[in-house]
1. Mind listing whichever residues of the range 123-159 are in contact with an Asp or Glu (Cβ under 9 Å, 6 or more places away or on another chain), without any contact (Cβ under 8 Å) to a residue 40 or more places away in the chain, under 14 Å from VAL53 (Cα atoms) and in a helix (DSSP H, G or I)?
2. Looking at ALA118, ALA114 in this structure, which one is buried (at least 18 other Cβ atoms within 10 Å of the Cβ) and within 17 Å of the chain's Cα centre (by Cα)?
3. SER58 passes all but one of (1) in a helix (DSSP H, G or I); (2) surrounded by fewer than 16 Cβ atoms within 10 Å (Cβ to Cβ); (3) among the polar types (S, T, N, Q); which number fails?
4. If I filter the range 99-121 for residues that are in a helix (DSSP H, G or I), of a type outside the set (Gly, Ala, Ser), farther than 19 Å from PRO167 by Cα and in contact (Cβ under 8 Å) with a residue 60 or more places away in the chain, do I get at least one hit?
5. Pairs please, first residue from the range 14-42 and assigned to a loop (DSSP other than H, G, I, E, B), second anywhere and of a type in the set (Asp, Glu), Cβ atoms under 9 Å, 6+ apart in sequence or on different chains.
Amino acid sequence: MRVYVPTTLNALAQAHAEGSLGQAPLRAYAVTPALREWYLSDDIEELEYAALVRAAQSSLRLLADDAKAPRRRVVVAVDVPDRAVGLQVDIEHEHPAALGAVTLSEPLLLAKAAAVHADADDAEVLDDVAAAAAAVAAADAGDEDARFTVDGAEDHELLWYAIQELPALLP
């Protein structure tokens with residue numbers, strides 16, 4: 001199963017140095033039954049893109065918690081065995097921010113990642129991602145103006161990086 005692990009550039013640099021995205025349990029996003037129901041599509045590429053976007057929104061929450069991280073959303077795409085993925089059915093239905101969220105029960109080696117998706121440098125320059133990270137908590141609490149700001153980060157398309165390109169991406 002393809003999963004999308006939200007992170008930051010600082011955490012990705014640490015993972016690159018250590019070779020692992022961290023110890024289990026890890027939070028990730030995937031095409032879950034609840035995501036399929038919400039998105040109303042059978043196209044797997046569209047569904048995977050929806051899971052990627054959910055992970056990118058979760059990356060904003062990590063940025064909000066790490067003031068020193070460059071203001072760029074980062075998501076690592078990894079293929080994992082189905083047995084390593086735990087669904088969070090109740091949480092997905094109760095909390096909109098958890099839609100597509102899964103828990104990984106095995107550590108993830110960065111070398112096994114399929115790709116890294118990250119904002120381009122202009123996301124930092126334009127301050128859209130910084131503003132979204134600052135507004136994400138209010139958006140989660142239901143503030144519509146904050147939700148508009150958070151959604152503005154999605155105007156920046158996440159770029160695709162092969163694992164061997166990581167050194168050029170890292171701070």
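1. GLY152, ASP155
2. Numbers: ALA114 fails: buried (at least 18 other Cβ atoms within 10 Å of the Cβ).
Just one listed residue meets the conditions, ALA118.
3. The single condition SER58 does not satisfy is (2).
4. Here is the first cut: in the range 99-121, the residues in a helix (DSSP H, G or I) are 110-112.
With the extra rule that they be of a type outside the set (Gly, Ala, Ser), the set shrinks to 110, 112.
Next, only the ones that are farther than 19 Å from PRO167 by Cα stay: none.
No; the residues of the range 99-121 include none that is in a helix (DSSP H, G or I), of a type outside the set (Gly, Ala, Ser), farther than 19 Å from PRO167 by Cα and in contact (Cβ under 8 Å) with a residue 60 or more places away in the chain.
5. From the range 14-42, the pairs are ALA24/GLU106; ALA30/GLU48; VAL31/GLU48; THR32/GLU92.
Condition check ((1) under 15 Å from the mean Cα position of the chain (by Cα); (2) surrounded by 19 or more Cβ atoms within 10 Å (Cβ to Cβ); (3) at pLDDT 95 or above) across all residues:
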{"position": "VAL5", "(1), (2), (3)": "yes, yes, yes"}
{"position": "GLU18", "(1), (2), (3)": "no, no, no"}
{"position": "TYR39", "(1), (2), (3)": "no, no, no"}
{"position": "ASP43", "(1), (2), (3)": "no, no, no"}
{"position": "ARG54", "(1), (2), (3)": "yes, yes, no"}
{"position": "LYS68", "(1), (2), (3)": "no, no, no"}
{"position": "VAL74", "(1), (2), (3)": "yes, yes, yes"}
{"position": "ARG83", "(1), (2), (3)": "no, no, no"}
{"position": "LEU87", "(1), (2), (3)": "no, no, no"}
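The values are calculated or read from the model by the stated rules, or taken from the named source; none is laboratory data. This is a predicted model, so every value here is computed, not measured. Note that we place each Cβ from the backbone using ideal geometry, even for glycine, and neighbour counts take in every protein chain shown.
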